[in-house]
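Below is one structure, written out as structure tokens; comments come after it.
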Amino acid sequence: MAARKKDEAPQNFEDAMQRLDAIVAKLEEDKLPLDEMLARYEEGVALARYCGEKLEAAEQKVRLIAQKADGTVTLEEFDDGEET
């Protein structure tokens with residue numbers, strides 16, 4: 001797998017998790033030079049932060065689902081601050 005550029009954002013949560021899993025596996029091998037290990041660790045931290053933000057946004061959206069007294073469920077739009 002080619003190294004990801006630092007400024008290249010993952011396409012989605014699943015891609016980020018897959019890349020994070022690959023980084024963890026590589027770090028666990030303990031066969032990387034120190035500089036490469038630190039670079040992968042830094043990338044992993046950024047990916048973990050990205051995934052955490054995505055999970056937080058998803059949790060906020062779920063919380064906006066409100067059940068009305070008559071039993072109907074509505075979904076209110078949530079502004080996560082991201083531009084589309």
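All of the numbers you see were taken from the coordinates with simple rules; none came from a lab. Bear in mind the structure is a predicted one, so any value in this text is a computation, not a measurement. Here the Cβ is made from the backbone with ideal geometry for all residues, glycine too, and neighbour counts use every protein chain on show.
Extending 7 Å from the Cα toward the beta-carbon at both residue 38 and residue 21 defines two label points whose distance is 3.0 nm. Farthest toward the dipole's positive end in region 13-75, which of 13, 58, 25, given Cβ charges of +1 (Lys, Arg) and -1 (Asp, Glu) about the Cα centre? Farthest towards the positive pole: 58.
Among 39-47, 9-17, 55-63, sorting by the average number of other beta carbon atoms lying within 10 angstrom of each residue, highest first, gives 39-47, 9-17, 55-63.
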